[in-house]
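Inspection log for the structure reproduced underneath, given as structure tokens.
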Amino acid sequence: MIRLASITLREIRLPLKEPFRISSGIVSERRIGLLELRDESGATAWSECVAGEAPNYSPETIDTAWIAITEWLAPRVIGRSIVSPGDVFPLLEQDIRGHLMAKAAVEMGIWGLESTRLEMSLSKLLGGTRREIDVGISLGIQKSPEALSARVVSAIADGYRKVKIKIMPGSDVQFIHAARDAAGPKAPLMADANNAYSLDDADHLSLLDDFNLMMIEQPLAWDDLVRHAELQRRMRTPICLDESITSLDRARDMVTLSSGRIVNIKPGRVGGLASSIAIHDYCESNGIPVWCGGMLESGIGRAYNVALASLSNFSKPGDVSPSSRYWERDIVMPEWTMAERGTMKVPEGVGLGVEVDRNRIEDLTVRETSIS
Ligand code: OSB
Ligand code: MG
């Protein structure tokens, strides 16, 4: 049983090593929401809110999440007897619509706290079985096919087991063609369009079928399932859904409608870890592979992704790259690293398995509030 005494919410600014461009926007510096949850015994755990600065991925932003957490979500959990972290998401869903990234930040922190309290690793608490996970990289849109090819070749040489290439109209078929030629026929490549196309582009998108991609992620609207089903009927390349899968019910709808064949699970997008595990289990029983997506997390959010990706049906490499892919210096110790063969160790120690660099977080903090 957990009873929270307080939640401290902060915003830090962390510059990316290089700007990250997707079809709907570009980010150079992450504004990251961090939570520190404290229970009545004084135990603490950190979690991260993955909402971005602008609502170009989902309707949420760090500012909407700030309001949701301070006004509605933290008051809902503080002082309440929580028997299991699995009970938190239903509690947060009661008469509060949406705000899934804000809900996830609170919910994940409670899983983190519970793993510390029970003195086990977060991976074990979630039912993870993998001792290491396969690592992929997500490459933002590059200036030219040549520039992209160079990045893809070097990612493969670094050992990454999947290279995801962001695409948009004007930076698609030629770019993927060049990347495939440069990386060779067997390189594990995929594309992610972040909603940049419509069904009118079906013939154009089908040109990508020539390049043996592992999958194409979310080509159509962020909340669409029906049109993706039509597109999947017209394309050989498997469609993987990201933005559209916001709950277990949406995953069921995907299967019912045949809107896609693979699911990217991001705990922030689906309201936390209980919802992620439910989607994972459902997909496992229905022969749908899943992999863990990323939202350019700091080392804190990454700890939750790594633990989640240790579950059995996370059978494809995740967008869970090492700290050095994103930051000059991360906010956890040790930093997240990748072995030469493209794997990352799942921590076996208590809790998140990394230590949070509190001094550094204090230096990076631009606002802070405590709810109790
Ligand atoms: O669509 O997966 C996406 C980053 C921000 C918003 C959306 C996406 C992404 C990524 C980043 O692809 C993956 C990572 O964290 O390395
Ligand atoms: Mg995506």
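Throughout, read-outs are computed from the coordinates displayed, never taken from laboratory work. Everything quoted here is computed from the prediction, not taken from an experiment. Because the Cβ atoms are built from the backbone with ideal geometry, glycine has one as well, and the counts that use them run over all protein chains shown.
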Once the dipole of the chain is set up from charges on Cβ (+1 Lys and Arg, -1 Asp and Glu), the residue from the list GLN94, GLY260, ALA54 lying farthest towards its positive end is GLY260
To the nearest 10 degrees, how steep is helix 145-158 against the longest Cα principal axis of the chain, on a 0 to 90 scale? 60 degrees
In nm, spacing of pseudo-spin labels at LYS143 and VAL255 (7 Å Cα→C-beta vector): 4.7 nm
Helix-only mean residue ellipticity at 222 nm, the chain, DSSP H runs n ≥ 4 weighted -39,500 (n - 2.57), per residue, nearest 500. What is it? -9500 deg cm²/dmol
Note: SER81 to LEU199 extended length (0.36 nm per residue) minus current alpha-carbon separation gives 37.6 nm
Nearest-20 debye value, segment 208-301 charge dipole, Cβ charges on Lys, Arg, Asp, Glu: 140 debye
If the chain between ILE26 and ASP95 were fully extended at 0.36 nm per residue, the gain over the current Cα-Cα distance would be 21.5 nm
Treating the angle as unsigned and between 0 and 90°, give the value, to the nearest 10°, between the Cα long axis of helix 248-257 and the longest Cα principal axis of the chain. 20 degrees
Is there a pair in LYS186/LYS345; LYS186/LYS266; LYS17/LYS266; LYS17/LYS124; LYS103/LYS143; LYS17/LYS166 whose C-alpha atoms are over 29 Å apart, and which pairs would that be? LYS17/LYS124; LYS103/LYS143
Cut-off under 5 Å, modelled amide H: who pairs with VAL346 long-range: GLU132, ILE133
In the chain, what % of DSSP beta bridges are antiparallel (nearest 5)? 60 percent
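Once you charge only the Cβ atoms, +1 for Lys and Arg and -1 for Asp and Glu, what is the size of the charge dipole of segment 63-122 about its Cα centre, to the nearest 20 debye? Provide the component values of the computation, followed by the final result.
Numbers: 5 positive and 8 negative charges, 12 e Å.
Here segment 63-122 has a charge dipole of around 60 debye.
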Net charge dipole size for the chain [Lys, Arg +1 and Asp, Glu -1 on Cβ; Debye, nearest 20]: 540 debye
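In nm, what is the difference between 0.36 nm times the number of residues separating GLU40 and GLU368 and their Cα-Cα distance?
Values: separation 328, 0.36 × 328 = 118.08 nm, distance 2.08 nm.
Contour length minus Cα-Cα distance gives 116.0 nm.
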With point charges of +1 on the Cβ of Lys and Arg and -1 on the Cβ of Asp and Glu, referenced to the Cα centre of the chain, which listed residue (LEU37, SER244, GLY299) lies farthest in the positive direction of the dipole? GLY299
With label points set 7 Å from each Cα along the Cα-to-Cβ direction at GLU71 and ASN212, the distance between them in nm comes to 5.3 nm
